[in-house]
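Working notes for the structure below.
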Amino acid sequence: MVSLLNNWFAVAQKTTHGRQCQVGDWQEWHLIHQPDVNLVFMPRAGTEGIRSFTERLIQIYFPGIDHVVSVGTVDAVLDVQLSRVAEDSAIAKEFVHDLSTITRAFIQITGQSKIKLILKVVSDDACERFHTDRYDLRLLCTYYGPGTEWTPDDNVNRKKLMGGTNDEIIRDWSRINRLQQFDVAILKGEASAANYGKGIVHRSPPVSAQKEKRLLLRLDA
């Protein structure tokens, strides 16, 4: 698994944005466990085959996937769910392999035996307000469309997170960062007492006005 991930993921120098870290190798995902880090993200490049398959999922009716999986079951779940919409089995297998590899790496990083896997098409603005979430760790990867937006901690008025507008929450809109297509990110939430008030502030980019769609992978520990 290590060699496959190293081959697929774009090489990037590790950089930091305060409590946010950009890494170039999946083995550095463990940085998310540091108390002073609430986001680890890794740029990567998708293959033409995966791009083609994800575009197909956007164009057809895709009901999505919502399953609890383990290392031993993730391949079977993905095979069953995605084979129904695959015209080219080879491309479908490539996409399944990508999803499975990311999922297995996330399971290893979290130390959990099971995680929740959600793959869905998003076409609304349900999460367009900047917020933190009540989870321990969450992995996001946008396979199609605009990626998740986030901002450094010092650019946030946290007192306005509960009910404030985006303009009240964000101090400087020029400091909003957006994950790119295929980037993998692990976000730290505020489920634990140790991280309460310290979770990464983020949002889903608004897409409904432009009639855009996103294909989003979400893994919850």
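The separation of the range 18-95 from the range 146-212, counted between C-alpha centres, amounts to 21 Å. Of the chymotrypsin sites (Phe, Trp or Tyr not before Pro) found in the range 36-100, those that fall in a DSSP loop while having at most 13 other beta-carbon atoms within 10 Å are TYR61. Rounded to the nearest 500, the 222 nm mean residue ellipticity of the chain from helices alone is -7500 deg cm²/dmol, with -39,500 (n - 2.57) taken per DSSP H run of at least 4 residues. Given axes a ≥ b ≥ c from the Cα gyration tensor, I'd like to know whether the range 128-221 is rounded (a/c under 1.5), prolate (a/b larger than b/c) or oblate. Cα axes put the range 128-221 in the oblate bin. If you sort the three axes of the alpha carbon gyration tensor as a ≥ b ≥ c, you get a/c of 1.5 or more for the range 23-127 and a/b above b/c, which makes it prolate. Computed from the alpha carbon atoms alone, the convex hull of the range 165-220 holds 134 Å³ per residue. Shape annotation for the range 87-172: C-alpha extents along the principal axes are 48, 32, 18 Å, from largest to smallest. Taking ALA45, ALA209, ALA105 in turn, the Gaussian network model of the chain (Cα-Cα springs below 10 Å) assigns the largest fluctuation to ALA209.
FYI, it's all coordinate maths here, none of it is from the lab. Predicted model only: the values in this text are computed from it and were never measured. Ideal geometry is used to build each Cβ from the backbone, glycine not excepted, and the neighbour counts take in all protein chains shown.
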